[in-house]
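A short worksheet on the structure shown next.
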Amino acid sequence: MSAGDAGHRCRLDRLVEWGLGPDVLADADVPHAVTLVTDTLAAIVGASVEPEVRALSAAAPGLGGQGSATVLSSGVGTSPWAAALVNGTAAVRLELDEGNAFCGNHPSAHTLPAVLATAQDVGANGPALLAASAAAYEVAVRVGRGVRLRSAVHPFGTAMVCGAALGVARLRGLDVAQATRAVRLAAALVPASTQRAANQGATVRNAVTGSSAAAGVLAATLALTGTTDDALALPTVFGEILGEGYDDTWLDEGLGSTRYLRSGYFKTHACSRWNHAPIEATETLLAQNGFGPQDVVDVQVATYDPATRLDGRDPPTGFAGKHSIPFNVAARILLRDNGIEAYTDEVVKDPSVRSLMERVRVVEDPAMTAAAPAVRAARVTIRLRDGRVVEATEEHPPGEADRPYPEEVIRAKHQALLRRGLAEDDAEALLRWCDDLPSHRTLEDLAPIVGGRP
């Protein structure tokens, strides 16, 4: 074994040991952990009205049989594996779930479905769920931060699986050796996830999130039942197969003192975060200059790689529009809105939207690429028919840890999402259930709440 290989194993062991320990969730971070859980559950329930989510939820008992893990789109109980699959798939459907720039991914959507399902299966209480979710989040971000994915690979379904496995392992009482094996096995189970699927609106991109959560559940079981692992699964899978390199120093860099739990962002625009800086810069220009779509000659959006991957000007569906900077800029100019209703097939096919999209060009700014992920910026330059050229730069779109939305904005978002999938009383009951997680002695009362339908 080389010195580098030995160093990797030691760093991973230290991370896993921390993730199983008593200090994963500081008292001061408990309210944020509750908000993370609420945000993810709201995204899942809000997506429950989407046809493919509803159909997959109905199929869950056939996949996993009966069990104590709740399918949030129906209230039905099934196995942890099946619940994690369905809930994880739903979590990212609307593109309104939390994310983290340091790993370029959505840690909670990939990990909480596995953690929640397992917590229900083992009879855990609210504090145990919160601690496991915090541990899973930290491990997911630390594993993901060192990944440099190939341009054809979409981030979903990749490194976050390691966090899911750790959270499940913690709840099931695995020791350090077993949990480390589970994390490595999880890395070996990741699916191939293509950027093209997202850009073309293929919802398999959501399913890989669900399969990643389910793989976290499976990995812990495999570790407990004797499946052996590849000691170098992480650097091989993430650094050679899916990625162009892997920096494993982030596994234990500042471990215990640097916490990534509060470093993520919350969203109100229902699209990929890579669109948010262009949307905000466009809104600044609209507010300051008072022009309309008929006044626009052309638009240039300069941003960082990999956001430049969202340069398509011909999204075939509303879901594909969530992954197109030209569409999102056009929607902002035409609709002044990037909420759920902006991302329908009808809006994407609207001739006025199409016309404006064709005038939007996306280019890379190398300085912005170098500044990411700490700064994920965009500069929008619009040439107007009256001869003016207007320009605005957005470096820190709202929702980031250093520019958070007001609490009431996020609360209103959660209420709106929950009311898409639940009757109003049940939506309010689920919000209270989340608020009270730190004192819950049992999680058994979740299923009756989400079993109510509008």
* To do: Quick one: Glu394 ticks every box in (1) touching a Phe, Trp or Tyr at 6+ places or on another chain (Cβ under 8 Å); (2) open to solvent by less than 30 Å² (accessible area, probe 1.4 Å); (3) of a type in the set (Asp, Glu) except a single one, so which number is it?
  => (1)
* Asked: Which pairs do you get when a residue that is under 12 Å from Glu395 (Cβ atoms) and aliphatic (A, V, I, L, M), found in segment 274-285, comes within reach of a residue that is surrounded by fewer than 21 Cβ atoms within 10 Å (Cβ to Cβ) and modelled with pLDDT of 95 or more, reach meaning Cβ atoms under 7 angstrom, with the pair 6+ apart or on two chains?
  -> Ala281/Arg379; Ala281/Ala392; Ala281/Thr393
* Structure fact -> Ser79 meets each of (1) under 21 Å from Leu189 (Cα atoms); (2) within 20 Å of the chain's Cα centre (by Cα) with one exception, condition (2)
* Asked: Of Gly210, Gly201, which residue is open to solvent by less than 40 Å² (accessible area, probe 1.4 Å), outside any helix (DSSP H, G or I), under 15 Å from Thr89 (Cα atoms) and small (Gly, Ala, Ser)?
  -> Gly201
* Asked: Since Val141 meets every condition but one in (1) in contact with a helix residue (DSSP H, G or I) (Cβ under 8 Å, 6 or more places away or on another chain); (2) closer than 27 Å to Gly226 by Cα; (3) at pLDDT 95 or above, which condition does it not meet?
  -> (2)
* List, please: which pairs have Cβ atoms under 7 Å, are six or more places apart or on different chains, and start with a residue in segment 257-271 that is closer than 18 Å to Met160 by Cβ and end with one that is in a loop (DSSP other than H, G, I, E, B) and of a type in the set (Phe, Trp, Tyr)? -> Tyr260/Phe102; Ser263/Phe102; Phe266/Tyr405
* Does segment 57-77 contain any residue that is more than 24 Å from Arg432 (Cα to Cα) and touching a Pro at 6+ places or on another chain (Cβ under 9 Å)? -> yes
* Residue in segment 154-164 that is at pLDDT 95 or above, outside any helix (DSSP H, G or I), surrounded by fewer than 23 Cβ atoms within 10 Å (Cβ to Cβ) and of a type in the set (A, V, I, L, M) present -> no
* Asked: Is segment 27-44 home to any residue that is touching a residue at least 60 places away in the same chain (Cβ under 8 Å), in a helix (DSSP H, G or I), crowded, with 24+ Cβ neighbours inside 10 Å and among the polar types (S, T, N, Q)?
  -> yes
* **Enumeration of residues in segment 172-187 that are buried (at least 24 other Cβ atoms within 10 Å of the Cβ) and more than 22 Å from the chain's Cα centre (by Cα)** => Ala179, Thr180, Arg181
* Being out of contact with any Ser or Thr (no Cβ under 9 Å at 6 or more places or on another chain) and either among the charged types (D, E, K, R) or more than 25 Å from Val153 (Cα to Cα) (or both), is that true of even one residue in segment 311-331? -> yes
* Considering only segment 416-428, state which residues are surrounded by fewer than 18 Cβ atoms within 10 Å (Cβ to Cβ) and without any contact (Cβ under 8 Å) to a residue 40 or more places away in the chain. => Arg419, Ala423, Glu424, Asp425, Glu428
* To do: Spot the failing condition for Leu437; the list is (1) at pLDDT 95 or above; (2) under 22 Å from the mean Cα position of the chain (by Cα); (3) open to solvent by 20 Å² or more (accessible area, probe 1.4 Å), and only one is missed.
  => (3)
* Asked: Which one of the conditions (1) open to solvent by 60 Å² or more (accessible area, probe 1.4 Å); (2) out of contact with any Pro (no Cβ under 9 Å at 6 or more places or on another chain) does Pro404 fail to meet, given that it meets all the rest?
  -> (2)
* Asked: Any chance segment 240-254 includes a residue that's on the phi < 0 side of the Ramachandran plot, of a type in the set (A, V, I, L, M, F, W, C), open to solvent by 10 Å² or more (accessible area, probe 1.4 Å) and assigned to a strand (DSSP E or B)?
  -> no
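Quick grid of which residues meet (1) open to solvent by 50 Å² or more (accessible area, probe 1.4 Å); (2) of a type in the set (A, V, I, L, M); (3) touching a Gly at 6+ places or on another chain (Cβ under 9 Å):
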| residue | (1), (2), (3) |
| --- | --- |
| Ser263 | no, no, no |
| Asn275 | no, no, no |
| Ala287 | yes, yes, no |
| Gln300 | yes, no, no |
* Considering residues of segment 1-22 that are charged (D, E, K, R) and at pLDDT 95 or above only, the residue surrounded by the most Cβ atoms within 10 Å (Cβ to Cβ) -> Arg11
* Structure fact -> Checked segment 219-271 for anything closer than 23 Å to Ser133 by Cα and polar (S, T, N, Q); matches are Thr221, Thr249, Ser257, Thr258, Ser263, Thr268
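The values are calculated or read from the model by the stated rules, or taken from the named source; none is laboratory data. Just so we're clear, the structure is a prediction, and the values are computed from it rather than from any experiment. All Cβ positions, glycine included, derive from the backbone under ideal geometry; neighbour counts span all protein chains shown. Heavy atoms of the whole protein, side chains included, go into the accessibility calculation; ligands, DNA and RNA do not. Shrake-Rupley method; radii C 1.70, N 1.55, O 1.52, S 1.80 Å.
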